[in-house]
Amino acid sequence: MENNFIIIKVGVTNCYLLKSRPCNVLIDTGYKGKAKIILDFLENNGISPNSIGLIILTHAHYDHIGNALEIKKITGAKILLHKDDMPLLNSGITDSQSTKPLNIWGKILLSKISSIDTSFNSLKPDIIIESEFDLSGYGINGRIIHTPGHSKGSISVILESGDAFVGDLAMNGMPLRMGAGEPIFGDDIKEIYQSWKKLVENKANTLYPSHGNPFNIKLLKRKLLKKGYLHPYSDY
Ligand SMILES: [Zn+2]
Ligand SMILES: [Zn+2]
């Protein structure tokens, strides 16, 4: 089983297509009304919509789940979400109840977001996970782990190669932040650091965030060391 993947940019959200057999797996879908970007991408790359067997939603924020229902209708793929994000999903909107700013940029941006439509269509996930989820049944050398903090039910996909798709557990670059690090919105900053530690323990190497370019986990390790979540003489 050799896995490769492609990035599909839906505005500021990176979606990722894990190419595999018996089916391909899509991670996140961008904000609503943009399903055409994903479908055009598939067509331009000679990928049949029917080949998508699974849509993994890293969490239930509007800029990740917005096109999930439409893509599901066209591809027949199953939708997977962590159970702890079901309340967010059922709320039908991403607002100040669902996420809070974690720094000054977050505060500024959240005031701007309040003027845009962050509602989304309700949907029923086909697979609701409670802990880890092995992807080998989908031909993927990897698994999903629970990495809460940005939202209670945030999940990350870690491939055996060390490539990790982390949703909004970390962000990289403008306009959201300078360089790689903490998300500017979230649920609990301490839990975010615990989840970063979990990525380290699970041998993640290159991180692929939903916002910004990929980066090496060393950047997060340095912060964890500084904040006392990792110890200088540990193996990590
Ligand atoms: Zn988010
Ligand atoms: Zn996001």
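The values are calculated or read from the model by the stated rules, or taken from the named source; none is laboratory data. Please read these numbers as outputs of a predicted model, since none were measured by experiment. Note that we place each Cβ from the backbone using ideal geometry, even for glycine, and neighbour counts take in every protein chain shown.
What residue, of Gly53, Gly33, Gly66, Gly11, is within 20 Å of Gly186 (Cβ to Cβ), among the small types (Gly, Ala, Ser) and out of contact with any Asp or Glu (no Cβ under 6 Å at 6 or more places or on another chain)?
Gly66
For the structure I just gave you, tell me whether Ile145 is in contact with a His (Cβ under 8 Å, 6 or more places away or on another chain), away from ligand 2 (no atom under 16 Å from the Cβ), among the aliphatic types (A, V, I, L, M) and under 29 Å from Ala77 (Cβ atoms).
In short, no.
Give the stretch 47-62 a look and list any residue that's touching a residue at least 60 places away in the same chain (Cβ under 8 Å) and within 10 Å of ligand 2 (Cβ to nearest atom), or say none.
Once the filter is applied, which keeps residues that are touching a residue at least 60 places away in the same chain (Cβ under 8 Å) and within 10 Å of ligand 2 (Cβ to nearest atom), the stretch 47-62 yields Thr58, His59, His61.
Considering each residue of the stretch 46-84, count those that are more than 16 Å from ligand 1 (Cβ to nearest atom), of a type in the set (Val, Ile, Thr) and in a helix (DSSP H, G or I), and give that number.
Summing the residues that are more than 16 Å from ligand 1 (Cβ to nearest atom), of a type in the set (Val, Ile, Thr) and in a helix (DSSP H, G or I) in the stretch 46-84 gives 3.
Could you tell me whether any residue of the stretch 146-169 is surrounded by 15 or more Cβ atoms within 10 Å (Cβ to Cβ), at pLDDT below 95, within 16 Å of ligand 1 (Cβ to nearest atom) and closer than 28 Å to Gly66 by Cα?
no
Specify the residue that is surrounded by the fewest Cβ atoms within 10 Å (Cβ to Cβ); the eligible residues are those in the stretch 182-203 that are of a type outside the set (D, E, K, R) and more than 18 Å from Ile158 (Cα to Cα).
Ile189
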